[in-house]
Amino acid sequence: MKSDNAFVSIQNVTKKYNDLYALHNVSLDIKEGEVFGYIGPNGAGKTTTMKILVGLISDFQGKVRIGDYKMPAQKDEIHKLLGYLPQNVAFQEWRTIKDSLKIFGKLSGLDDQEIEKRIPDVLDLLDLTEVCNKKISKLSGGMTQKVGLAQALLHDPKLLILDEPLNGLDPLSRQKFKEIVKKLSKKGTTILFSSHILSDVQDVADVIGILNHGKLVQFGSLNQLKQGLSIPKTIEVLLSTPSDKWQELGKIKGTHTIEQTAPDKIILTLQSETDPDEAINSVGKAIVDLGINIRGISLLSPSIDEIYLNYIQRGQAQ
Ligand SMILES: Nc1ncnc2c1ncn2[C@@H]1O[C@H](COP(=O)(O)OP(=O)(O)OP(=O)(O)O)[C@@H](O)[C@H]1O
Ligand SMILES: [Mg+2]
């Protein structure tokens, strides 16, 4: 979890609200250019973490460093580096999109020339050019969210902290947003974002953190998260012609259960110590020996939803 070249370093951070631990001894490192997906149930502490990173909460215990700067001591330096989309983005409703962005540009320290240059770029990036003279009060929820993203991107920050950036976006806009995130990360922008849409996290995050009741229960790549799971490994066999002989596959060494879940689908769960590659080989051989006609055989990978639920429920059972 620790590395020397982290761009964002959170060390043993604890934040209490009276008796409630919003964050409990959370440590995580994010490298430059990495996309970090932060997931966890409502009230887990994701927004609290982000507010600490952007300097909106200063009374916490532990250490926070961004680049060469410490938070909260060097808040002003850090503000120049980062763009932030709050969870409940609020604008002055009477202003137009363009005017709102101009104000945010000034607040981020851009000069007038840079503001005039950057605004058309971010409007275009987020498909807001046509509506740029609309008043904020006249925008749909998703459009307001996009204006929030536009202001976070305006000064081309090295670090983006986005609290539920996909909230309210339609599928096409979500797709575009994910492309933007990938592009920015390729050019070295570090991105932290929270989301309840786990498939989106899976699509763009290099590293994922699962937070529950203020504690970081898992941190790592999707593959690392899969490895720590207690979900049984399963093999799926798709039959091309119906056959009753499939039940014989349950006798193969290392299988735990076998079940027909659809007329053409057989699911084998493996014993925990079984090597899945060996099991696939044995199943393949048995299929040939038994003369079963199949369309495919594959090791099923747990979905990110299963991974998430497994870690969260494990925490609740403790
Ligand atoms: N200003 C506050 N005063 C007291 N408690 C707070 C305050 N802000 C947050 N909390 C509590 O801290 C905990 C963490 O809240 P936080 O907003 O960080 O969760 P979250 O993971 O962002 O949740 P969500 O997915 O719903 O956005 C919650 O129990 C919340 O009620
Ligand atoms: Mg939140």
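The values are calculated or read from the model by the stated rules, or taken from the named source; none is laboratory data. Just so it is clear, the model here is predicted, and its values are computed rather than measured. In this analysis, Cβ positions are derived from the backbone assuming ideal geometry, glycine residues included, and neighbour counts consider all displayed protein chains.
Worth a mention:
- Looking across the stretch 291-317 at every residue that is closer than 16 Å to Thr241 by Cα and loosely packed, with under 13 Cβ neighbours inside 10 Å, the one that is farthest from the chain's Cα centre (by Cα) is identified as Gly291.
- Residue in the stretch 115-130 that is surrounded by 15 or more Cβ atoms within 10 Å (Cβ to Cβ), assigned by TED's automatic domain parsing to the domain that holds Ile210, under 30 Å from Leu222 (Cα atoms) and more than 16 Å from ligand 1 (Cβ to nearest atom) present: yes
- In the stretch 48-71, the residues that are closer than 15 Å to Ile30 by Cβ and in the same structural domain as Leu28 (by TED's automatic domain parsing) form Cβ pairs under 7 Å with partners that are part of a loop (DSSP other than H, G, I, E, B) and within 16 Å of ligand 1 (Cβ to nearest atom), at six or more places apart or across chains, as follows: Ile52/Phe60; Met71/Gly55.
- Qualifying residue in the stretch 123-130 (condition: part of a helix (DSSP H, G or I) and hydrophobic (A, V, I, L, M, F, W, C)): yes
- Residue in the stretch 138-146 that is assigned by TED's automatic domain parsing to the domain that holds Asp68 and within 27 Å of Ser9 (Cβ to Cβ) present: no
- Cβ-Cβ contacts under 8 Å between residues 6 or more apart (or on different chains), taken from a first residue in the stretch 241-266 that is closer than 17 Å to Leu300 by Cβ to a second residue that is of a type in the set (A, V, I, L, M, F, W, C) and in a loop (DSSP other than H, G, I, E, B), are listed as Trp246/Ile292.
- Leading residue by the ranking (modelled with the lowest pLDDT) among those in the stretch 16-53 that are more than 20 Å from Gly220 (Cα to Cα) and more than 8 Å from ligand 1 (Cβ to nearest atom): Asp19
- Residue match in the stretch 213-225 (condition: more than 16 Å from ligand 2 (Cβ to nearest atom), assigned by TED's automatic domain parsing to the domain that holds Ala90, of a type in the set (Phe, Trp, Tyr) and within 28 Å of Ser27 (Cα to Cα)): yes
- Residue selected from the stretch 186-219 under the condition small (Gly, Ala, Ser) and out of contact with any Asp or Glu (no Cβ under 7 Å at 6 or more places or on another chain), by the criterion farthest from Leu128 (Cα to Cα): Gly214
- Checked against (1) over 22 Å from Asn167 (Cα atoms); (2) within 16 Å of ligand 1 (Cβ to nearest atom); (3) of a type in the set (A, V, I, L, M, F, W, C), Leu81 meets all criteria but (2).
- Some residue of the stretch 4-15 being touching a residue at least 24 places away in the same chain (Cβ under 8 Å) and more than 24 Å from the chain's Cα centre (by Cα): no
- The single residue among Gly214, Gly148 that is within 16 Å of ligand 1 (Cβ to nearest atom), on the phi < 0 side of the Ramachandran plot and among the small types (Gly, Ala, Ser) turns out to be Gly148.
- Restricted to the stretch 132-205, the set of helices (runs of 4 or more DSSP H) holding at least 2 residues that are within 16 Å of ligand 2 (Cβ to nearest atom) comprises 141-153, 198-204.
- Listed by position, the strands (runs of 3 or more DSSP E) inside the stretch 22-86 whose residues that are away from ligand 2 (no atom under 16 Å from the Cβ) number at least 2 are 61-66, 69-71, 82-85.
- All told, Thr241 falls short of being farther than 30 Å from Lys178 by Cβ and surrounded by 15 or more Cβ atoms within 10 Å (Cβ to Cβ).
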